[in-house]
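Here the structure comes first, spelled out in structure tokens, and everything after it is commentary.
Values in this text are rule-based calculations from the coordinates and carry no lab data. None of the values given here were measured: they were computed from a predicted structure. Neighbour counts run over all protein chains shown; Cβ positions are idealised from the backbone, glycine included.
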Amino acid sequence: MTFEHRIHGTLLDTSDSVMTAIAAALKFPSYFGYNLDALYDSLTDLSWLPAGEHVLIWSDPGTLRAADSSAYDAIASVLADAVADGTGGEARLSVLLRAAR
């Protein structure tokens, strides 16, 4: 089964706002630490989600990139690393960055 989790980047112009949106979309546990290491750890766990493919769709990521390119690069790198490294359970992660039209 495939589950879509969407964040709309139009108003997400800080690292904190993007991490907050990702945490909400993927229903991270309350102990999520809101830093890059905690983001990676949560993305490679996902044990609280049902088994299946979980697709994080980040629309308009260019908003963060324009506002803070280093924050964008850091978060994009964590997302790519988490997808490449996979999860230890039956919930799997994919990420789609969707540019604005």
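Search the structure for amide H atoms under 5 Å from the amide H of residue 3, placed 1.01 Å from N in the peptide plane, and list their residues when 5 or more places away or on another chain.
53, 54, 55
To the nearest 20 Debye, how big is the dipole of segment 2-98 about its Cα centre, given +1 on the beta carbon of each Lys and Arg and -1 on that of each Asp and Glu? Write out the running numbers ahead of the final one.
Values: 5 positive and 13 negative charges, 57 e Å.
In debye, rounded to 20, segment 2-98 gives about 280.
Using alpha-carbon positions, what is the distance between the centroids of segment 56-101 and segment 26-51, in Å?
Using only Cα atoms to place each centre, the spacing works out to 14 Å.
Give me 3, 28 ranked fewest to most by other Cβ atoms within 10 Å of their Cβ, as a rough exposure proxy.
On the way: 3 14, 28 23.
Least crowded to most crowded, the residues run 3, 28.
Expressed as a whole percent, how much of the Cα-Cα distance distribution for the chain exceeds 18 Å? Walk me through the numbers on the way to the answer.
Numbers: 2060 of 5050 pairs.
Summing the P(r) tail past 18 Å for the chain gives 41 percent.
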